[in-house]
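The structure under discussion appears below in the form of structure tokens.
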Amino acid sequence: MKRFWLIVLTGSLVALAGCHSFKKENIQPPTPLAKDFVPTVKVAKVWTARVGHGAGDSGVRMQPAVVDGVLYAASTDGAVAAYDAATGKTLWEKKTRTHGWFGWGDKKRKDAFYSGGPAASGDLLVIGTLDGHVYGLSTKDGSERWITTLPSEVIDSPAIAGQLTVVRTQDGRVYGLDSGTGERRWVNDQGNVPLLSLRGNGPLLIANGVIFFGSDDGKLIALRLDNGEKLWEQKLASGEGRTDIDRMNDADGSVVLDGTSLYAAAYHGNLSAVDGPSGRQMWARPFSSYTSVAASGNSLFGVNDESQVWAFDKSSGADMWKSDALKYRWLTAPAVQGDYVVAGDIEGYVHWLQVGDGALAARERLSKKAIRAQPLVAGDMAYVVDVQGHIAAYRLGAK
């Protein structure tokens, strides 16, 4: 079984933040936020809501999904809901009783430990669980359409491509499921996952009939969508080091596609640009990260394993700027909202940095709980969710 090191790295830090014992535990405390900070851009909190009790202590990143003006969100304690993305009005909400980690109790619906966040397309909403089930629900009212049982937990969002839904499990397998029935069409087994691994899987990216994702052994992998056959793989990290922890090299962030170029990073590894059709590496530079990168214009943005925010030139990987202002605040993956990079932190703050030079531009507090999931930018809104299920929608305006 995978050892849940991301919980050790980030989940324990959440607890430490509450008891102020960073020094005692030999963990770097978050960089203090300047009390005299003056924002340079106005941020409006448009609406707030709450879905269940969020991800809790599960260690998963529960990112919502926005499709056709509706935001879908879920929690590990059995709540799934749909909101009007513009106003936050609840369109529907379903709550399911849970019966234990191994499905004791209700035989028809064994669990509802939703995890990783939902995916939606047309009238289908798909979400996995910590008990290895995948549910197909109606986007109209959340009613159940089908259920599939897989042999390991699903801790990231599925991906829907027409008649095929693709799901990744924590044991290294990727499944192609029939979108109408949930029936298995194919399975790709990546083999044994490393004994020590970060808690998490990067989202699946589907484009041009190909599935792209980062693996637990530091590779970027491409599979055929129709049958799951591997097309190519490219190393993002060497997996070398003196200790088992040094050799951890997960690629747990999302893969960014820009034209035909792919961009991805790995823990204890590199940020790399890869040609999508061939899998040929175009450039690589050292950059250790366990989150996703984001792209805008000619720039890439990433958060390293010390929570420093970086900007790179997309064509070469050259440094453009680095910000230490939020170091050790254990930021989420960054997203780009207009002319700003946005990320959440361990104490529930949301930060905006200028894309041009990394200067801090705005700060809001969603709650006093950690934010782990990457902010979701859709239209002119950034949607942020904390580990207790609090959701906020933010819009930027002139100062």
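The values are calculated or read from the model by the stated rules, or taken from the named source; none is laboratory data. What you see is a predicted model, and the numbers here were worked out from it, not measured in a lab. We place every Cβ from the backbone using ideal geometry, glycine too, and count neighbours over all the protein chains shown. Ligands, DNA and RNA are stripped out before the accessible areas are found, and what is left, the full protein with its side chains, is counted by its heavy atoms. Shrake-Rupley method; radii C 1.70, N 1.55, O 1.52, S 1.80 Å.
Does at least one position in the stretch 273-287 carry a residue that is surrounded by 20 or more Cβ atoms within 10 Å (Cβ to Cβ), among the polar types (S, T, N, Q) and touching a strand residue (DSSP E or B) at 6+ places or on another chain (Cβ under 7 Å)? No - not one qualifying residue is present in the stretch 273-287.
Here is the figure for the stretch 308-322: residues that are open to solvent by 10 Å² or more (accessible area, probe 1.4 Å) and either more than 16 Å from Thr291 (Cα to Cα) or hydroxyl-bearing (Ser, Thr, Tyr) (or both) total 9. Condition check: more than 23 Å from Ala361 (Cβ to Cβ) and open to solvent by 10 Å² or more (accessible area, probe 1.4 Å). Does Asp305 satisfy that? Judged against the criteria, Asp305 is a match. Scanning the stretch 188-208 for residues that are at pLDDT 90 or above and either open to solvent by 40 Å² or more (accessible area, probe 1.4 Å) or in a strand (DSSP E or B) (or both) yields Asn188, Asp189, Leu205, Ile206, Ala207, Asn208. Inspection of the stretch 336-351 identifies at least one residue that is surrounded by fewer than 17 Cβ atoms within 10 Å (Cβ to Cβ), modelled with pLDDT of 95 or more and under 21 Å from Gly302 (Cβ atoms). Criterion first (of a type in the set (A, V, I, L, M) and either surrounded by 22 or more Cβ atoms within 10 Å (Cβ to Cβ) or modelled with pLDDT of 95 or more (or both)) does Ala398 satisfy it? Against the criterion (of a type in the set (A, V, I, L, M) and either surrounded by 22 or more Cβ atoms within 10 Å (Cβ to Cβ) or modelled with pLDDT of 95 or more (or both)), Ala398 does not qualify. Thr96: within 19 Å of the chain's Cα centre (by Cα) and either modelled with pLDDT under 95 or among the hydrophobic types (A, V, I, L, M, F, W, C) (or both), yes or no? When the stated conditions are applied, Thr96 does not pass them. Restricting attention to the stretch 383-393, does a residue exist that is modelled with pLDDT of 95 or more and touching a helix residue (DSSP H, G or I) at 6+ places or on another chain (Cβ under 6 Å)? No, that holds for no residue. Of the residues in the stretch 363-378, not one is open to solvent by 10 Å² or more (accessible area, probe 1.4 Å), over 17 Å from the mean Cα position of the chain (by Cα), over 22 Å from Val51 (Cα atoms) and of a type outside the set (D, E, K, R).
Annotation: of all residues in the stretch 38-74 being at pLDDT 95 or above and assigned to a loop (DSSP other than H, G, I, E, B), the one that is farthest from Ser367 (Cα to Cα) is Asp68. The lone criterion from (1) buried (at least 17 other Cβ atoms within 10 Å of the Cβ); (2) over 29 Å from Ser292 (Cβ atoms); (3) modelled with pLDDT under 95 left unmet by Trp146 is number (3).
If you go through the stretch 356-371 and keep only what is in a strand (DSSP E or B) and in contact (Cβ under 8 Å) with a residue 60 or more places away in the chain, you end up with Leu360, Ala361, Ala362, Arg363, Glu364.
Could we say that Asp36 is closer than 27 Å to Gly358 by Cβ and acidic (Asp, Glu) here? For Asp36, the condition - closer than 27 Å to Gly358 by Cβ and acidic (Asp, Glu) - is met. The listed residues are Gly172, Gly176, and the only one of them that is modelled with pLDDT of 95 or more and either of a type in the set (A, V, I, L, M, F, W, C) or more than 21 Å from Thr76 (Cβ to Cβ) (or both) turns out to be Gly176. Scanning the stretch 372-386 for residues that are in contact (Cβ under 8 Å) with a residue 60 or more places away in the chain and not in a loop (DSSP other than H, G, I, E, B) gives Leu376, Ala378, Met381, Tyr383, Val385. The condition of being modelled with pLDDT of 95 or more, open to solvent by 20 Å² or more (accessible area, probe 1.4 Å) and in contact with a strand residue (DSSP E or B) (Cβ under 7 Å, 6 or more places away or on another chain) holds for Arg185. Scanning the stretch 387-399 for residues being under 17 Å from Ala73 (Cα atoms) and not in a loop (DSSP other than H, G, I, E, B) gives a total of 5. Go through the stretch 216-236 and give me each residue that's open to solvent by 10 Å² or more (accessible area, probe 1.4 Å) and either among the small types (Gly, Ala, Ser) or outside any loop (DSSP other than H, G, I, E, B) (or both). Matches in the stretch 216-236: Lys219, Arg224, Lys230, Leu231, Trp232, Glu233, Gln234, Lys235.
Close contacts from the stretch 139-151, counting a first residue that is in contact (Cβ under 8 Å) with a residue 40 or more places away in the chain and a second that is polar (S, T, N, Q), with Cβ to Cβ under 9 Å and a gap of 6+ residues or different chains, come to Thr139/Ser121. Taken over the stretch 339-391, the residue count meeting the criterion of being of a type in the set (Gly, Ala, Ser) and under 19 Å from Phe312 (Cβ atoms) is 4.
Tell me, please, whether a residue that is in contact with a Leu (Cβ under 9 Å, 6 or more places away or on another chain), part of a loop (DSSP other than H, G, I, E, B), modelled with pLDDT of 95 or more and within 17 Å of Lys314 (Cβ to Cβ) can be found in the stretch 263-281. Checking the stretch 263-281: at least one residue is in contact with a Leu (Cβ under 9 Å, 6 or more places away or on another chain), part of a loop (DSSP other than H, G, I, E, B), modelled with pLDDT of 95 or more and within 17 Å of Lys314 (Cβ to Cβ).
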